Amino acid sequence: MGEFLLEDTIAAIATALGEGGIGVVRVSGPLASTIGQRIFRTGHERPVEFARRRGFFYGRLLARDEQSSVDECILLWMPGPHSYTGEDVVEFQVHGGIRVVQSALAVILEKGARLAEPGEFTRRAFLNGRMDLSQAEAVMDLIRAKTDLAARVAFSQVEGSLSREIGNLRRQVLELQAELAVTLDYPEHDDEIEVAKSLVLRGQALLMRMQDVLDNAKTGVVVREGVLTPLIGQPNVGKSSLLNELLRRQRAIVTEIPGTTRDVLEESVDLGGVLFRLVDTAGIRETKDRLEQLGVERSRAAVHSGELILLVLDGSRELETDDLQLLTDTANRSRIVVVNKADLAQQITDEKLVDICGRTSWVRVSATTGEGLSGLRDLLIKTVLGGDIEQVEPSFLTNARQTQLLLQAREDLATAISAAQAGLTLDVVAVLLQSVYALLGLVVGAEAGEDLLDEVFSRFCLGK
């Protein structure tokens, strides 16, 4: 794809297929204006005259014979380099509907464009210097965002928040490289021992900043992908009722009969900008009922894969052996203990809960009256974000590719610092710093190879 990527003119439907108000077909490349002139007529039945400034025109989109019409149409003209792709771009806005939009695309392809590959418009934007690779990845994150917070973070990264963070790290590495280069080229002017000491001090500060960015990576995954959150506990403690209250709708069947839930049920809910993928599970207890045993096995599997556990207890009865076992089994997991049925007389004391859970990882609620649910929602957000949602920084890593590169860069920087402390030659340190600089560059796509670009942009949708 890379050999002819910027020479071809590409086209694709940019809106979701289906009935709607409008459908958009996007064209980018050297033939964009030529195609527009051939198949579009203004209200005066003249071909559109493209200037070197943006514009939009009302008229009709011609059929393949360039005489009859496919639809009335609005044409948007965006000359390069000031367009999304950095190339000449024409967009045709026709009436929404599968047949009309596909007919428009067919005409455009016949007149010299080829069908774009997934993500090819954004790939061109990257190759033409309109954005770096982290910004390109953020475009797809923005399209797929399911919460306001995810959209806000993705848009901030489209605007370059992560790019600036990585750029600052690269600048500091480059300064270290420059200092080393002077010493290596003119050893008579600098004391290598003093240069090594300076490198260690500045390198350690840089290492700490890298670690800060890595520490925030977990939050990036939470914002982007959500949190798998199984609700576990004994039968009839109110897991399904709690699920329904968190969803604010009746999704799970609720009865007074213990063991009603026999299978796992997953639903997603946006709580203050974080997507929690709630999993209602069968009550965990010893049973001889084969069907219930299967449900319990699936519940235990959900606990194993869960990222945040909601362990539900019945506060109206004393802790039982199965409760204590679940508390023990999840003690080292990210967990919130939810003491349900707060509207009834409580048999589990605060002192007992503090002794088992500490002071901040439990909450009393009533899935019947709604008591305590606001506090539970706040605790869920605080647990996964480490604080208030408004304090979330938008410049964190959001995918495994970025995180792995920064981990390797941090490791190489730590090795460079150790080499300087051990008195190894500065040539060794210089090689390691060059590796750090290159790895940071790959985060934003500097010198990215075709294989990496294919991997990143293949995850995009057509038309973007």
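Label-to-label distance for ARG359 and ILE74 is 5.9 nm, based on points extended 7 Å past Cα in the beta-carbon direction.
Placing pseudo-labels 7 Å out from each Cα toward the beta carbon at ILE98 and GLU194 gives an inter-label distance of 7.6 nm.
Go ahead and run the numbers for FRET between ALA181 and ASP148, Cβ-Cβ distance against an R0 of 45 Å, rounding to 0.05. Calculated transfer efficiency: 0.45. Taking LYS352 as the anchor, which lysines have their alpha carbon closer than 29 Å to its alpha carbon, excluding any fewer than eight residues away along the same chain? Here the lysines satisfying the reach criterion relative to LYS352 are LYS239, LYS341, LYS382. Simple spin-label estimate for ARG64 and GLN408 gives 4.9 nm between the two label positions (7 Å along the Cα-to-Cβ direction from each Cα).
Using a Förster distance of 30 Å, how high is the FRET efficiency between LEU174 and ALA400, based on the Cβ-Cβ distance and rounded to 0.05? That pair, LEU174 with ALA400, gives E of 0.70. Could you grab the relative contact order for the chain? Cα pairs under 8 Å, six or more apart, rounded to a whole percent. Relative contact order here is 17 percent. Principal axis extents of the Cα atoms in the chain, from largest to smallest and rounded to whole angstrom, are 82, 79, 38. In region 129-248, Cα pairs under 8 Å separated by at least six residues give a relative contact order of 20 percent. You can think of it this way: the chain between ALA205 and LEU344 has 44.6 nm of extra reach, that is 0.36 nm per residue less the Cα-Cα gap. Sites listed here are GluC sites (Glu not before Pro) in region 41-125 whose DSSP assignment is loop and whose Cβ has at most 16 other Cβ atoms within 10 Å: GLU45, GLU49, GLU66. Of the trypsin sites (Lys or Arg not before Pro) found in region 331-439, those in coil by DSSP whose Cβ has at most 11 other Cβ atoms within 10 Å are ARG359.
Read-outs: derived from the displayed coordinates by stated rules, not from any lab. All values derive from a computational prediction rather than experimental measurement. Using ideal geometry, Cβ is built from the backbone for each residue, glycine included, and neighbour counts are taken over all protein chains shown.
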